[in-house]
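The values are calculated or read from the model by the stated rules, or taken from the named source; none is laboratory data. Note that this is a predicted model, so its numbers are computed, not measured. Every residue, glycine among them, receives a Cβ derived from its backbone with ideal geometry; neighbour counts consider all protein chains shown. Calculation scope for accessible area: heavy atoms of the full protein, side chains included, ligands and nucleic acids excluded. Shrake-Rupley method; radii C 1.70, N 1.55, O 1.52, S 1.80 Å.
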Amino acid sequence: MSAIPSIEGIHNILVVGAGTMGSQIGLVAALAGYATTVQDISAEMLARAREQLAARLDATVAKGRLAATDAEAALDRLAFATDLDAAASRADFMIEAATERLEVKEQIFARLGRLAPDHAILATNSSTLGSSKVAPATGRADRVCNMHFFNPALVMKCVEVVRHEETSQATVETTMELARRFGKEPVLINREIPGFIANRLMGAVQREALALAAAGIASREDIDATARTALGYPMGPFELMDMVGLDVIDFIARATYAETGDEADRPDPQVAALVAQGRLGRKSGQGWYRY
Ligand code: CAA
């Protein structure tokens, strides 16, 4: 197989990391007909992911949105594994959705660079690290890019494909086409920039919402209601922060501020205070709101 990554050469997908994003990305790929492996070092995470995805498929079938046979076929195409090396040696396309720590990602990408077939594209779902940070470890920088999905990945249509200086045109085209085959609507970002597009837009709205609430101009409930009823957003900024996770929001802000040094990007102290109290949003039962 040549080292030019083409869409026709993609049969096996590897998703590294079985958290909220990784597991749903795995199911997106399996539903699109790809033999998919979700890999995680934790067998417990894998078991939980499998259970949650199966429950989600059952609910979709119950709503009449998916035939039971298609749900079964998707689950059959989805493997869960702790062994990264074996999964990497078969992968034509890899999407890394592991922890947002650079040293962990570097190790994963170095291993994949060694073990994945020559033609394989190595993508990262990271929202805070441009792929140029991990590309040197792979020995195939031209076949590395960001492929950034949104939460919940099964539902949200956008995928940000971000190229770095050495990403080849073939890699960009194949990644964009794969996103389309996943049923997504990819957008291309030509140059790495902290926050890419979506998190920069989301950050601007969040900053304004936090400032309005802190100044007592309106309640959080009314700010959220305005975003929904005046602007047509599916969720208000506080509701969205709670869904994404306040720890994730805080992490993104810290990473962005560390890179830009721009005062507008300074992490919000109210968000940091909630995180310190363990109020992380929906996942912990309380964030800006109670669940
Ligand atoms: N996982 C998977 N599917 C989910 C889900 C979840 N957590 N929550 C809801 N859904 C599905 C439902 O099953 C339903 O599917 P069907 O259409 O097949 O029935 C569909 O989404 C709609 O759900 P609901 O009717 O229950 O509720 P809703 O209409 O309010 O939609 C929502 C829920 C899709 C989450 C919607 O509120 C929404 O789009 N919110 C904004 C989400 C957003 O902005 N995400 C981006 C976050 S930023 C990010 O991810 C980037 C980053 O780097 C941090």
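Structure summary
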item: Of residues in the range 1-52 being of a type in the set (Ser, Thr, Tyr) and either open to solvent by 10 Å² or more (accessible area, probe 1.4 Å) or out of contact with any helix residue (DSSP H, G or I) (no Cβ under 9 Å at 6 or more places or on another chain) (or both), the one nearest to Glu173 (Cα to Cα); result: Ser6
item: Long-range neighbours under 9 Å by Cβ, at least six apart or interchain, first residue farther than 12 Å from Ile252 by Cβ and at pLDDT 95 or above within the range 194-208, second within 10 Å of the ligand (Cβ to nearest atom) and open to solvent by 40 Å² or more (accessible area, probe 1.4 Å); result: Ile197/Cys158; Val205/Tyr233; Val205/Leu240
item: Residues satisfying the stated conditions in the range 181-199, i.e. surrounded by fewer than 14 Cβ atoms within 10 Å (Cβ to Cβ) and within 15 Å of the chain's Cα centre (by Cα); result: Glu185
item: Among the candidates Met202, Met176, residue that is more than 20 Å from Thr99 (Cα to Cα), open to solvent by 10 Å² or more (accessible area, probe 1.4 Å) and assigned by TED's automatic domain parsing to the domain that holds Gly33; result: Met176
item: Leading residue by the ranking (farthest from Thr124 (Cα to Cα)) among those in the range 142-155 that are crowded, with 21+ Cβ neighbours inside 10 Å and more than 12 Å from the chain's Cα centre (by Cα); result: Arg143
item: Hits in the range 156-173 - residues which are within 18 Å of Met202 (Cα to Cα) and either open to solvent by 10 Å² or more (accessible area, probe 1.4 Å) or assigned to a loop (DSSP other than H, G, I, E, B) (or both); result: Met156, Lys157, Cys158
item: Scan of the range 234-264 for residues that are touching an Asp or Glu at 6+ places or on another chain (Cβ under 9 Å) and under 16 Å from Tyr289 (Cβ atoms), ordered by number; result: Met235, Gly236, Pro237, Phe238, Glu239, Leu240, Ile249
item: Criterion (touching a Leu at 6+ places or on another chain (Cβ under 8 Å) and among the charged types (D, E, K, R)) met by exactly one of Arg56, Arg101, Arg114; result: Arg56
item: Scan of the range 45-98 for residues that are free of Cβ contacts under 8 Å to residues at least 12 places away in the same chain and among the hydroxyl-bearing types (Ser, Thr, Tyr), ordered by number; result: Thr60, Thr69
item: Failed item in (1) within 22 Å of Lys283 (Cα to Cα); (2) within 12 Å of the ligand (Cβ to nearest atom); (3) among the charged types (D, E, K, R), with Arg254 passing the rest; result: (2)
item: Tabulated pairs, the range 139-154, first over 19 Å from Leu31 (Cβ atoms), second among the basic types (Lys, Arg), C-beta under 9 angstrom, 6+ apart or interchain; result: Gly139/Arg114; Cys145/Arg163; Asn146/Arg163
item: Output for the range 124-141, where each listed residue is among the polar types (S, T, N, Q), out of contact with any Gly (no Cβ under 8 Å at 6 or more places or on another chain), open to solvent by less than 20 Å² (accessible area, probe 1.4 Å) and over 11 Å from Phe196 (Cβ atoms); result: Thr124, Ser131
